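Structure first, commentary second.
The values are calculated or read from the model by the stated rules, or taken from the named source; none is laboratory data. The structure displayed is predicted, hence computed values, not measured ones. Cβ atoms come from the backbone with ideal geometry, glycine included; neighbour counts cover every protein chain shown.
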Amino acid sequence: MADPYAVLAQVEADDFAAAAANVEPAIDYFLEHDRVAALRVVAALAGYWQDAGRVDEGRALTERAIKSMHRRATRDAAVAAAMPRALLAASELAFRQGDQQMAIKRARDTIRAAVLVEDYPTAALAHTDLARVAYRAGNAADIEKHARKALEMAGDDSLARRGALHMLAWAAHTAGDLDEAERRFEESLAYRRQHGSRLSVAVEIANLGDLAAERGDLGRAAAMLEEALAVGQEIDSRYMIVNTLPSVAALAVRADMFAEGARLFGATDSIANAAGLVPDPNSDADEARGQARDHLGDADFALELAGGGSLATDDAVALALSVARRIEKSGLRGP
């Protein structure tokens, strides 16, 4: 077995690919010999599991680490300090799999544990998770409430502030105020350009692309979604790919490219299932899927869907980028 502490060092240096093969045995070792290290590893890996398409595995390991903490161990100050981030990872992974109830439970567990040790940025991130749950449920008031609480607790922590600003934009969007949503997404994007990763910037560019599509500017939407998807492909983020392909598929349907849209929906389903991810809510994509079925007919729609489902991830992304470029060049405006 690889040295568990070398694996921990790789994880905390963000060298996740190098650590990945040895993560499970390292966690097994730490659960017996160093509970704090076990919690630190699972806390650091939440984003990796999503990008690598290993959410089932990551969620199981995270829950095992959390549940292994006996009552007497939770009285240990070092364990108590490490626990909130592990609980936060469990909440986020549950949300990414559409498990709303467990996402709520682990977010609330996070808030209680974080407040006890005065880790307010982590409590803020848990409120952002609760805002995400409310977003999936379509509850604008609760999104706004939890996002405001997250912003209040975040202080100057840039990660916590990024999440809060992002969900405030979704609160406005869910409430149907597209002008305010666009203003908030632009504010969030500007903050992420200063304080975020390439992935976090690409996420907000994609959201602004979706908003452009809702307003009927298909050319602008295509350009923004192409930019975001290219980043997702470059950094090999299954999370980004799974959540951008449906948006391009919806654009394809709006541009009367029904077969291409159906294939991209099939590719989304296949990649998401393999990664253990449930895509974020996307009402435009849901509507477009139905429109493609109506236009093609059930049999042809099923054939295109199956064809998309058989595509390798890189081929699915290449198709989506090609579709986006064609729409961008056309300068189409939709209904």
If a residue has to be within 15 Å of residue 325 (Cα to Cα) and among the basic types (Lys, Arg) to count, how many in segment 204-260 make the cut? 2
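Let's see how each residue does on (1) surrounded by fewer than 22 Cβ atoms within 10 Å (Cβ to Cβ); (2) part of a helix (DSSP H, G or I); (3) among the basic types (Lys, Arg):
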position	(1), (2), (3)
199	yes, yes, no
221	no, yes, no
225	no, yes, no
232	no, yes, no
236	yes, no, no
242	no, yes, no
(1) under 18 Å from residue 110 (Cβ atoms); (2) hydrophobic (A, V, I, L, M, F, W, C); (3) at pLDDT 90 or above all hold for residue 9 apart from (1)
Looking only at segment 1-46, how many residues end up being under 21 Å from residue 240 (Cα atoms) and surrounded by fewer than 18 Cβ atoms within 10 Å (Cβ to Cβ)? 4
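Does segment 306-320 contain any residue that is under 24 Å from residue 216 (Cβ atoms), polar (S, T, N, Q) and in contact with a helix residue (DSSP H, G or I) (Cβ under 8 Å, 6 or more places away or on another chain)? Give the steps one after another, and end with the answer.
Step one: list which residues in segment 306-320 are under 24 Å from residue 216 (Cβ atoms), which gives 319-320.
With the extra rule that they be polar (S, T, N, Q), the set shrinks to none.
No, the conditions are met nowhere in segment 306-320.
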Any residue in segment 156-184 that's farther than 17 Å from residue 122 by Cβ: show its pairings with residues that are crowded, with 16+ Cβ neighbours inside 10 Å and acidic (Asp, Glu) at Cβ separation under 6 Å, as long as the two are six or more apart or on different chains. 171/144
Under the condition of being acidic (Asp, Glu) and without any contact (Cβ under 8 Å) to a residue 12 or more places away in the chain, which residue from segment 267-299 is surrounded by the most Cβ atoms within 10 Å (Cβ to Cβ)? 286
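Quick grid of which residues meet (1) under 26 Å from residue 172 (Cβ atoms); (2) at pLDDT 95 or above; (3) aliphatic (A, V, I, L, M); (4) surrounded by fewer than 17 Cβ atoms within 10 Å (Cβ to Cβ):
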{"site": "71", "(1), (2), (3), (4)": "no, no, no, yes"}
{"site": "79", "(1), (2), (3), (4)": "no, no, yes, no"}
{"site": "84", "(1), (2), (3), (4)": "no, yes, no, no"}
{"site": "115", "(1), (2), (3), (4)": "no, yes, yes, yes"}
{"site": "129", "(1), (2), (3), (4)": "yes, yes, no, no"}
{"site": "137", "(1), (2), (3), (4)": "yes, yes, yes, yes"}
Does segment 1-10 hold any residues that are touching a residue at least 24 places away in the same chain (Cβ under 8 Å) and part of a helix (DSSP H, G or I), and which are they? 4, 5, 7, 8
Is it true that residue 205 is hydrophobic (A, V, I, L, M, F, W, C) and without any contact (Cβ under 8 Å) to a residue 40 or more places away in the chain? yes
The conditions are (1) under 26 Å from the mean Cα position of the chain (by Cα); (2) part of a helix (DSSP H, G or I); (3) touching a residue at least 40 places away in the same chain (Cβ under 8 Å), and residue 311 fails exactly one of them. Which is it? (2)
Test residue 205 against the criterion of being hydrophobic (A, V, I, L, M, F, W, C) and exposed (fewer than 15 other Cβ atoms within 10 Å of the Cβ), and give yes or no. no
